[in-house]
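Enquirer: Can you keep this structure in mind? I'll have questions shortly.
The values are calculated or read from the model by the stated rules, or taken from the named source; none is laboratory data. Not measured: the values here are computed from a predicted model. Cβ placement follows ideal geometry from the backbone for every residue including glycine, while neighbour counts extend to all protein chains displayed.
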Amino acid sequence: MRKIMLISVIALAVITAQGAIVQVKYAFTGADLINNVFDPTARHSDGSLRVYEGMRQIGPAVGGAVGATFLSGGYLTAFNNTWNAAVDEGRLLSQFWLSGENGYGGQWGEDYKPLEFVAGTGPAGWTFDATEAEWTASEGDGLGLTDPDLASQVFTVTIKFDTEDMWWGNPKNYVWGCNTAPNSIDGLTMYFGSYLSNDEGPVNRYVGNMFAASIPEPATMLLLGLGGLLVRKR
């Protein structure tokens, strides 16, 4: 009897500390990843960005960014020149990964705090590594930068959250952050990094943000935590 009472107390502590655990699947497309449309005037009076799409930077595969869509002058010109060179050479978006790990994506509108990246899917030829939250295309495959069917290239990611602690609470003093980007359990603004590659390997590092909507499905489970499991078992 004492053991049962002790287990119940521990279970209650777990529920109190962690809250309910939920798994949600989100979807986005190749068109969401490859989207360089940005309105440079879309800022609030404090400098924060109104939009969450089209914020993109590009640079060499190793090194910092050389151009950005959300800046003007030389930065925007450098982005367009570097992007056009990638298009002319026929480079492919061959690998990309999600953030969410430390809250630094707040300057890109990202606010979600994943407890675990559970699973991911992609078009034919793509594999997913849950440990790194990373998709990789098989050799010769990838997303063409001007492919007309990018919107039909669907990716999904299933994320586990602690509903009592699933937001970083941005903005974190990011004056130039995307403070008004949508973030709820039904849809997340995600920061991603990626590589644009040719036959010899990665040439450019291409980063940005996008919106991923949740997919209602029977497999989406509300787990009641260790306490609920112990109660049912007992």
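Enquirer: What residue, among those in segment 123-146 that are out of contact with any helix residue (DSSP H, G or I) (no Cβ under 9 Å at 6 or more places or on another chain), in a loop (DSSP other than H, G, I, E, B) and not charged (D, E, K, R), is farthest from residue 24 (Cα to Cα)?
Expert: 140
Enquirer: Checking the structure you have, find out if any residue of segment 101-117 is touching a helix residue (DSSP H, G or I) at 6+ places or on another chain (Cβ under 7 Å) and hydrophobic (A, V, I, L, M, F, W, C). Before you say what the answer is, go through the steps one by one.
Expert: Kept after step one, since they are touching a helix residue (DSSP H, G or I) at 6+ places or on another chain (Cβ under 7 Å), are these residues of segment 101-117: none.
The answer is no, given that none of the residues of segment 101-117 is touching a helix residue (DSSP H, G or I) at 6+ places or on another chain (Cβ under 7 Å) and hydrophobic (A, V, I, L, M, F, W, C).
Matching residues to (1) part of a strand (DSSP E or B); (2) surrounded by 12 or more Cβ atoms within 10 Å (Cβ to Cβ); (3) modelled with pLDDT of 95 or more; (4) of a type outside the set (Asp, Glu):
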| position | (1), (2), (3), (4) |
| --- | --- |
| 148 | no, no, yes, yes |
| 165 | no, yes, no, no |
| 169 | no, no, no, yes |
| 193 | yes, yes, yes, yes |
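Enquirer: Restricting attention to segment 103-122, and to residues there that are in contact with a strand residue (DSSP E or B) (Cβ under 7 Å, 6 or more places away or on another chain) and in a loop (DSSP other than H, G, I, E, B), which single residue is modelled with the lowest pLDDT? Talk me through it step by step, then tell me what you get.
Expert: Keep residues of segment 103-122 that are in contact with a strand residue (DSSP E or B) (Cβ under 7 Å, 6 or more places away or on another chain), which gives 105, 108-122.
Checking which are in a loop (DSSP other than H, G, I, E, B) leaves us with 109-111, 113-115, 122.
Values: 109: 85, 110: 90, 111: 90, 113: 94, 114: 96, 115: 95, 122: 98.
Restricting to residues being in contact with a strand residue (DSSP E or B) (Cβ under 7 Å, 6 or more places away or on another chain) and in a loop (DSSP other than H, G, I, E, B), the top hit is 109.
Enquirer: Under the condition of being modelled with pLDDT of 95 or more and in contact with a helix residue (DSSP H, G or I) (Cβ under 9 Å, 6 or more places away or on another chain), which residue from segment 63-91 is surrounded by the fewest Cβ atoms within 10 Å (Cβ to Cβ)?
Expert: The qualifying residue surrounded by the fewest Cβ atoms within 10 Å (Cβ to Cβ) is 66.
Enquirer: Taking segment 178-190 as the search range and keeping residues that are modelled with pLDDT under 95 and either surrounded by fewer than 22 Cβ atoms within 10 Å (Cβ to Cβ) or touching a Ser or Thr at 6+ places or on another chain (Cβ under 6 Å) (or both), which one is farthest from residue 38 (Cα to Cα)?
Expert: 184
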